[in-house]
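Everything below concerns the one structure shown next.
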Amino acid sequence: MSSVKKSLVVEASREIAFKVFTEKMALWWPADHHIGKSHIAAIVLEPRPGGRWGELGADGKECQWGRVLAFEAPSRVLLAWQLDAKFEFDPGFETEVEITFTSEGDKKTRVTLEHKHLERFGEAEAAMIAAFDSPDGWSLGLLRFGNAVASEGKQAFLLRLIPPRPTFAEDMTENDRRVMMEHVVYWQGHTNANEVIAYGPVADPKNGGWGVAIVEVTDAARVKKLTDDDPVIVQNLGAHYEILPMPRVIVRR
(Lines give C-alpha, C1' and ligand atoms only; values in the text may rest on other atoms or scores of the structure.)
Protein backbone atom coordinates (compact mmCIF):
# COMPACT_ATOMS: atom_id res chain seq x y z
CA MET A 1 0.00 0.00 0.00
CA SER A 2 1.36 3.42 -0.93
CA SER A 3 0.40 6.52 1.00
CA VAL A 4 1.25 10.10 1.93
CA LYS A 5 1.39 10.83 5.65
CA LYS A 6 1.52 14.23 7.37
CA SER A 7 1.41 15.22 11.03
CA LEU A 8 1.39 18.34 13.19
CA VAL A 9 0.85 19.25 16.84
CA VAL A 10 -1.73 21.90 17.71
CA GLU A 11 -2.12 23.76 21.01
CA ALA A 12 -5.65 22.57 21.68
CA SER A 13 -7.59 19.69 23.14
CA ARG A 14 -8.61 16.74 20.98
CA GLU A 15 -12.20 17.94 21.13
CA ILE A 16 -11.38 21.37 19.72
CA ALA A 17 -9.00 20.01 17.06
CA PHE A 18 -11.60 17.45 15.97
CA LYS A 19 -14.34 20.10 15.84
CA VAL A 20 -12.29 22.50 13.70
CA PHE A 21 -11.30 19.71 11.32
CA THR A 22 -14.77 18.26 10.82
CA GLU A 23 -17.17 21.15 11.42
CA LYS A 24 -15.15 24.11 10.15
CA MET A 25 -13.32 22.67 7.17
CA ALA A 26 -14.32 25.62 4.99
CA LEU A 27 -12.28 27.92 7.25
CA TRP A 28 -9.01 26.19 6.49
CA TRP A 29 -9.42 24.28 3.22
CA PRO A 30 -7.31 26.01 0.52
CA ALA A 31 -9.68 28.21 -1.47
CA ASP A 32 -8.37 27.17 -4.89
CA HIS A 33 -8.72 23.46 -4.14
CA HIS A 34 -12.19 23.02 -5.60
CA ILE A 35 -13.63 20.95 -8.44
CA GLY A 36 -16.70 23.06 -9.12
CA LYS A 37 -16.83 26.02 -11.48
CA SER A 38 -17.21 28.56 -8.67
CA HIS A 39 -15.28 29.08 -5.46
CA ILE A 40 -16.22 27.20 -2.30
CA ALA A 41 -19.02 28.68 -0.18
CA ALA A 42 -19.21 25.77 2.28
CA ILE A 43 -17.90 22.25 2.82
CA VAL A 44 -20.28 19.44 3.71
CA LEU A 45 -19.04 16.67 6.01
CA GLU A 46 -21.89 14.73 7.56
CA PRO A 47 -20.87 13.26 10.96
CA ARG A 48 -21.85 9.65 10.36
CA PRO A 49 -20.69 6.61 8.38
CA GLY A 50 -22.05 6.97 4.87
CA GLY A 51 -22.34 10.73 5.25
CA ARG A 52 -21.71 13.12 2.39
CA TRP A 53 -18.36 14.86 1.95
CA GLY A 54 -17.90 17.57 -0.63
CA GLU A 55 -18.09 21.24 -1.55
CA LEU A 56 -20.96 23.63 -2.00
CA GLY A 57 -20.08 26.27 -4.55
CA ALA A 58 -21.04 29.93 -4.51
CA ASP A 59 -23.26 29.12 -7.49
CA GLY A 60 -25.27 26.73 -5.28
CA LYS A 61 -23.95 23.58 -6.92
CA GLU A 62 -22.77 20.73 -4.71
CA CYS A 63 -19.82 18.66 -5.87
CA GLN A 64 -19.15 15.38 -4.11
CA TRP A 65 -15.59 14.51 -3.09
CA GLY A 66 -16.39 11.21 -1.41
CA ARG A 67 -18.11 9.98 1.72
CA VAL A 68 -17.56 9.39 5.43
CA LEU A 69 -16.44 5.86 6.28
CA ALA A 70 -15.93 6.30 10.03
CA PHE A 71 -16.66 9.17 12.43
CA GLU A 72 -15.27 8.51 15.92
CA ALA A 73 -15.24 11.82 17.79
CA PRO A 74 -12.84 13.05 19.02
CA SER A 75 -10.22 10.50 17.99
CA ARG A 76 -10.58 9.48 14.33
CA VAL A 77 -12.20 10.25 10.99
CA LEU A 78 -11.94 8.03 7.92
CA LEU A 79 -12.96 9.51 4.59
CA ALA A 80 -13.35 7.93 1.17
CA TRP A 81 -11.60 10.12 -1.42
CA GLN A 82 -13.44 9.46 -4.67
CA LEU A 83 -11.69 11.91 -6.95
CA ASP A 84 -9.69 10.33 -9.73
CA ALA A 85 -6.34 11.44 -11.14
CA LYS A 86 -8.10 14.29 -12.98
CA PHE A 87 -9.75 15.39 -9.71
CA GLU A 88 -13.15 14.38 -11.04
CA PHE A 89 -15.67 12.52 -8.91
CA ASP A 90 -15.89 8.81 -9.75
CA PRO A 91 -18.37 6.78 -7.64
CA GLY A 92 -16.53 3.60 -8.61
CA PHE A 93 -13.12 4.83 -7.42
CA GLU A 94 -11.92 5.16 -3.85
CA THR A 95 -8.79 5.92 -1.84
CA GLU A 96 -8.86 6.63 1.90
CA VAL A 97 -7.95 9.65 4.03
CA GLU A 98 -7.56 8.78 7.70
CA ILE A 99 -7.16 11.51 10.32
CA THR A 100 -6.35 10.67 13.94
CA PHE A 101 -6.26 12.97 16.97
CA THR A 102 -3.91 11.93 19.80
CA SER A 103 -3.57 13.82 23.07
CA GLU A 104 0.01 14.79 23.93
CA GLY A 105 -0.68 16.57 27.19
CA ASP A 106 -2.88 19.32 28.49
CA LYS A 107 -4.40 21.14 25.52
CA LYS A 108 -1.94 19.67 23.03
CA THR A 109 -2.97 17.29 20.25
CA ARG A 110 -1.07 15.49 17.51
CA VAL A 111 -3.10 15.39 14.31
CA THR A 112 -1.97 12.78 11.79
CA LEU A 113 -3.37 12.58 8.28
CA GLU A 114 -2.62 9.64 5.99
CA HIS A 115 -3.91 9.40 2.43
CA LYS A 116 -3.84 5.67 1.75
CA HIS A 117 -4.17 3.19 -1.13
CA LEU A 118 -2.66 5.56 -3.68
CA GLU A 119 -1.63 2.55 -5.77
CA ARG A 120 -5.27 2.52 -6.89
CA PHE A 121 -4.46 5.47 -9.15
CA GLY A 122 -2.61 2.99 -11.36
CA GLU A 123 -0.30 4.64 -13.86
CA ALA A 124 -0.93 8.00 -12.21
CA GLU A 125 0.24 6.76 -8.78
CA ALA A 126 3.62 8.52 -8.80
CA ALA A 127 2.14 11.81 -10.02
CA MET A 128 -0.60 11.72 -7.40
CA ILE A 129 1.84 10.93 -4.61
CA ALA A 130 3.91 13.92 -5.72
CA ALA A 131 0.81 16.14 -5.78
CA PHE A 132 -0.47 15.10 -2.35
CA ASP A 133 3.04 15.28 -0.87
CA SER A 134 3.86 18.69 -2.36
CA PRO A 135 3.86 21.96 -0.36
CA ASP A 136 0.54 22.77 -2.08
CA GLY A 137 -0.98 19.42 -1.10
CA TRP A 138 -1.90 18.08 2.31
CA SER A 139 0.91 20.10 3.91
CA LEU A 140 -0.86 23.34 2.96
CA GLY A 141 -4.18 22.04 4.23
CA LEU A 142 -2.74 21.04 7.60
CA LEU A 143 -0.86 24.32 7.93
CA ARG A 144 -4.08 26.24 7.42
CA PHE A 145 -5.89 23.85 9.75
CA GLY A 146 -3.31 24.58 12.45
CA ASN A 147 -3.87 28.32 12.01
CA ALA A 148 -7.64 27.81 12.28
CA VAL A 149 -7.22 25.85 15.51
CA ALA A 150 -5.01 28.62 16.91
CA SER A 151 -7.79 31.14 16.18
CA GLU A 152 -10.55 29.03 17.71
CA GLY A 153 -12.21 30.79 20.63
CA LYS A 154 -10.51 34.12 19.95
CA GLN A 155 -12.06 37.51 19.23
CA ALA A 156 -11.02 40.06 16.63
CA PHE A 157 -10.85 43.81 17.17
CA LEU A 158 -10.05 46.79 14.98
CA LEU A 159 -7.93 49.40 16.76
CA ARG A 160 -7.67 53.02 15.67
CA LEU A 161 -4.81 55.04 17.15
CA ILE A 162 -5.90 58.67 17.03
CA PRO A 163 -2.90 61.05 17.22
CA PRO A 164 -2.86 64.08 19.52
CA ARG A 165 -3.32 66.43 16.54
CA PRO A 166 -4.06 66.07 12.79
CA THR A 167 -0.59 67.36 11.87
CA PHE A 168 1.25 64.93 14.18
CA ALA A 169 2.95 63.03 11.34
CA GLU A 170 4.41 66.27 9.94
CA ASP A 171 5.46 68.07 13.11
CA MET A 172 6.62 65.35 15.49
CA THR A 173 9.29 66.33 17.99
CA GLU A 174 12.42 64.24 18.48
CA ASN A 175 10.82 62.69 21.56
CA ASP A 176 7.67 61.90 19.55
CA ARG A 177 9.79 60.13 16.91
CA ARG A 178 11.61 58.09 19.53
CA VAL A 179 8.37 56.95 21.11
CA MET A 180 6.86 56.12 17.71
CA MET A 181 9.86 53.90 16.94
CA GLU A 182 9.24 52.10 20.24
CA HIS A 183 5.57 51.83 19.20
CA VAL A 184 6.51 50.07 15.95
CA VAL A 185 8.82 47.64 17.76
CA TYR A 186 6.07 46.96 20.31
CA TRP A 187 3.45 46.05 17.69
CA GLN A 188 5.91 44.05 15.62
CA GLY A 189 6.59 41.92 18.67
CA HIS A 190 2.90 41.16 19.10
CA THR A 191 2.64 40.46 15.37
CA ASN A 192 5.41 37.90 15.73
CA ALA A 193 3.45 36.43 18.67
CA ASN A 194 0.44 35.89 16.35
CA GLU A 195 -1.81 38.37 18.15
CA VAL A 196 -1.82 40.93 15.33
CA ILE A 197 -3.20 40.23 11.86
CA ALA A 198 -2.12 43.58 10.38
CA TYR A 199 -1.06 47.05 11.53
CA GLY A 200 0.24 50.28 10.05
CA PRO A 201 -0.40 53.97 9.36
CA VAL A 202 -3.38 55.27 7.40
CA ALA A 203 -3.05 58.36 5.19
CA ASP A 204 -6.37 60.16 5.72
CA PRO A 205 -6.48 63.38 3.64
CA LYS A 206 -9.56 64.68 5.48
CA ASN A 207 -8.65 64.01 9.11
CA GLY A 208 -4.89 63.58 9.06
CA GLY A 209 -3.04 60.34 9.53
CA TRP A 210 -3.92 57.73 12.15
CA GLY A 211 -2.84 54.21 12.99
CA VAL A 212 -4.76 50.98 12.55
CA ALA A 213 -4.35 47.41 13.76
CA ILE A 214 -6.47 44.29 13.51
CA VAL A 215 -5.81 41.96 16.41
CA GLU A 216 -7.06 38.51 17.37
CA VAL A 217 -6.97 37.84 21.11
CA THR A 218 -8.64 35.82 23.84
CA ASP A 219 -10.94 38.54 25.14
CA ALA A 220 -11.61 42.27 25.51
CA ALA A 221 -9.41 42.46 28.60
CA ARG A 222 -6.42 41.33 26.55
CA VAL A 223 -6.95 43.94 23.84
CA LYS A 224 -7.31 46.62 26.53
CA LYS A 225 -3.95 45.61 27.97
CA LEU A 226 -2.36 45.65 24.51
CA THR A 227 -3.43 49.24 23.94
CA ASP A 228 -2.68 50.39 27.50
CA ASP A 229 0.88 49.02 27.27
CA ASP A 230 1.63 50.71 23.94
CA PRO A 231 4.59 53.11 24.47
CA VAL A 232 2.52 55.86 22.87
CA ILE A 233 0.00 55.56 25.70
CA VAL A 234 2.46 54.79 28.49
CA GLN A 235 4.55 57.87 27.68
CA ASN A 236 1.53 60.17 27.41
CA LEU A 237 1.95 61.56 23.91
CA GLY A 238 -1.69 62.58 23.95
CA ALA A 239 -2.88 59.90 21.54
CA HIS A 240 -5.76 57.54 22.30
CA TYR A 241 -7.25 54.30 20.97
CA GLU A 242 -10.68 53.48 19.65
CA ILE A 243 -11.42 49.75 20.10
CA LEU A 244 -14.05 48.22 17.82
CA PRO A 245 -15.08 44.53 17.92
CA MET A 246 -15.17 42.62 14.63
CA PRO A 247 -17.77 39.82 14.56
CA ARG A 248 -15.89 38.09 11.76
CA VAL A 249 -12.53 38.41 10.02
CA ILE A 250 -12.02 37.13 6.48
CA VAL A 251 -8.39 36.99 5.36
CA ARG A 252 -6.82 36.37 1.99
CA ARG A 253 -6.22 32.67 1.44
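The values are calculated or read from the model by the stated rules, or taken from the named source; none is laboratory data. On a predicted model such as this, the values are computed, not experimentally measured, just so you know. No Cβ is skipped: glycine too gets one built from the backbone with ideal geometry, and neighbour counts run over all protein chains shown.
Here's a check for you: in segment 25-82, which residue that is in contact (Cβ under 8 Å) with a residue 60 or more places away in the chain and more than 20 Å from S139 (Cβ to Cβ) is surrounded by the fewest Cβ atoms within 10 Å (Cβ to Cβ)? Ranking the candidates gives S75 first.
Within segment 148-171, identify whether any single residue is more than 31 Å from the chain's Cα centre (by Cα), surrounded by fewer than 11 Cβ atoms within 10 Å (Cβ to Cβ), outside the structural domain of I99 (by TED's automatic domain parsing) and assigned to a helix (DSSP H, G or I), and answer yes or no. Checking segment 148-171: not a single residue is more than 31 Å from the chain's Cα centre (by Cα), surrounded by fewer than 11 Cβ atoms within 10 Å (Cβ to Cβ), outside the structural domain of I99 (by TED's automatic domain parsing) and assigned to a helix (DSSP H, G or I). Scanning segment 216-240 for residues that are closer than 19 Å to N192 by Cα, in contact with a helix residue (DSSP H, G or I) (Cβ under 7 Å, 6 or more places away or on another chain) and modelled with pLDDT of 95 or more yields L226, T227, D230, P231. When segment 31-57 is limited to residues that are at pLDDT 95 or above and basic (K, R), the one that is farthest from L83 (Cα to Cα) turns out to be R48.
One residue alone among R144, R248 is assigned to a loop (DSSP other than H, G, I, E, B), in contact (Cβ under 8 Å) with a residue 60 or more places away in the chain and among the charged types (D, E, K, R), and that residue is R248. Quick one: count up the residues across segment 191-245 that are hydrophobic (A, V, I, L, M, F, W, C) and assigned to a strand (DSSP E or B). Total satisfying the criteria: 12. The selection criterion, being in a helix (DSSP H, G or I), closer than 14 Å to W81 by Cβ and without any contact (Cβ under 8 Å) to a residue 40 or more places away in the chain, holds for F121.
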